[in-house]
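Below is one structure, written out as structure tokens, with a few remarks after it.
FYI, it's all coordinate maths here, none of it is from the lab. In this text the structure is predicted, and so the values were computed from the model without any measurement. Please note: Cβ atoms are built from the backbone with ideal geometry, for glycine as well, and neighbour counts cover all protein chains shown.
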Amino acid sequence: MKLAGNTVLITGGASGIGYAMAEAFLEAGSEVIICGRRENRLMEAKSHHPNLHTIVCDVSLESDCRKLLEWTTTHFGDLNVLVNNAGVQRDLDFTGGLSQFLAGPNEIRINLEAPVILSGLFIPHLTGKSEAAIINVSSGLGFVPSARMPVYSASKAGLHAFSIALRRQLVKQGIQVFEAVPPAVDTELNPEGRAKRGGFRPPLQPEEFVAAVMKGLASNVFEMGYGMSEGFINASRAELDQSFERMNSGW
Ligand SMILES: NC(=O)c1ccc[n+]([C@@H]2O[C@H](COP(=O)([O-])OP(=O)(O)OC[C@H]3O[C@@H](n4cnc5c(N)ncnc54)[C@H](OP(=O)(O)O)[C@@H]3O)[C@@H](O)[C@H]2O)c1
């Protein structure tokens with residue numbers, strides 16, 4: 001796809017990978033709209049890039065997703081790219097039963113159901129637009145699950161499968177479906193889990209990952225990994241099993 005001249009909506013675009021994508025699309029000469037739940041973070045992003053457009057939206061709520069469609073398509077009729085980037089990650093221990101899962105944000109709703117609903121809502125608008133695309137941000141953990149983050153891993157595996165199937169369905173409609181597959185990146189994701197691991201901060205910065213994604217988009221690479229996650233995308237089943245054992249040796 002071309003990187004310039006698009007009108008791009010990025011969910012969760014005020015921080016981390018989404019913000020780096022917003023900056024990269026702006027830099028390439030596209031119009032960018034970002035959304036998220038925290039208005040102060042959206043305003044902070046806008047203070048750095050006054051030409052960013054912002055809207056508060058909780059993608060876990062279908063009603064908010066519908067309002068997002070109405071607002072963006074009313075004000076940005078040329079919108080041709082949807083980036084499903086918003087996500088949350090939790091360490092979840094099921095050995096004690098269901099209680100932890102029910103006590104916090106629902107990763108299935110935010111990481112998987114929201115991209116499904118937003119894709120469904122925006123497809124009629126995207127149909128017929130030049131260079132129309134949906135870009136889903138999944139995870140290397142969708143290919144090799146983490147025992148520490150079982151629901152997160154499952155939500156991202158689901159998003160991976162959805163991306164493959166949707167890509168095929170939308171060929172005739174002229175909407176390209178891309179999947180960006182991050183490895184561990186230094187962002188605000190899963191602050192509690194990372195704090196438990198001694199304030200773990202992966203060395204990879206979002207800008208470096210996003211630079212690889214933008215390169216991939218420009219060359220129509222439909223699944224874009226980086227470092228370890230690029231290895232996962234291209235691995236055999238036996239190699240995936242080896243990676244699983246290595247990553248989860250403490251369990
Ligand atoms: N960082 C990594 O190591 C890594 C690895 C693999 C995949 N990923 C994926 O990359 C994507 C971006 O994450 P990140 O690492 O950049 O973390 P991040 O900085 O925490 O960004 C996540 C963004 O999603 C937004 N968000 C969360 N829940 C939302 C909701 N219900 N509605 C609307 N927005 C919501 C957050 O904003 P608000 O809180 O203001 O809503 C935040 O701006 C996620 O899908 C994540 O799973 C990250």
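Put simply, region 61-140 fits an ellipsoid with semi-axes of 31, 13, 8 Å; these come from the alpha carbon gyration tensor as the roots of five times its eigenvalues, largest first.
In a Debye calculation with equal point scatterers on the alpha-carbon sites of region 7-247 and no solvent, what is log10 I(q)/I(0) at q = 0.10 Å⁻¹? Results for region 7-247 at q = 0.10 Å⁻¹ read -0.45. Between 0 and 90 degrees, the angle of helix 62-75 with respect to the longest Cα principal axis of the chain falls at about 30 degrees. Near Asn136, the amide H atoms lying under 5 Å from its own belong to Asn84, Phe178, Glu179, Ala180; only residues 5 or more places off or on other chains count, and H is placed 1.01 Å from N. Computed from phi, the 3J(HN,Hα) profile of region 33-41 under the Karplus parametrisation 6.51, -1.76, 1.60 (θ = phi - 60°) reads 10, 10, 9, x, 7, 8, 4, 4, 6 Hz, with x in place of Gly and Pro.
So, counting K/R as plus one and D/E as minus one, what does the shell of residues with Cβ under 11 Å around Gly16 add up to?
Details: positive: Arg41; negative: Asp186, Glu188, Glu207.
Once all neighbours under 11 Å are counted, the net charge is -2.
Partners of Lys46 within straight-line reach, counting aspartates and glutamates whose Cα lies under 12 Å from its Cα and excluding those fewer than 8 residues away in the same chain: Glu23.
Against the main long axis of the alpha-carbon atoms of the chain, helix 237-247 sits at an angle near 70°. In straight-distance terms, cross-link reach from Lys196 covers every one of the aspartates and glutamates whose alpha-carbon lies under 12 Å from its own, apart from those fewer than eight places away in the same chain; here that gives Asp91.
For the chain, Cys65 stand unpaired, since no other cysteine beta carbon lies under 4.7 Å from theirs.
Near Leu204, the amide H atoms lying under 5 Å from its own belong to Asp186; only residues 5 or more places off or on other chains count, and H is placed 1.01 Å from N.
Under the criterion of Cα pairs below 8 Å and six or more residues apart, the relative contact order for region 7-247 equals 18 percent. What do you get for the angle between helix 206-218 and the principal long axis of the chain? Use alpha-carbon atoms, 0 to 90 degrees, nearest ten. The answer is roughly 60 degrees.
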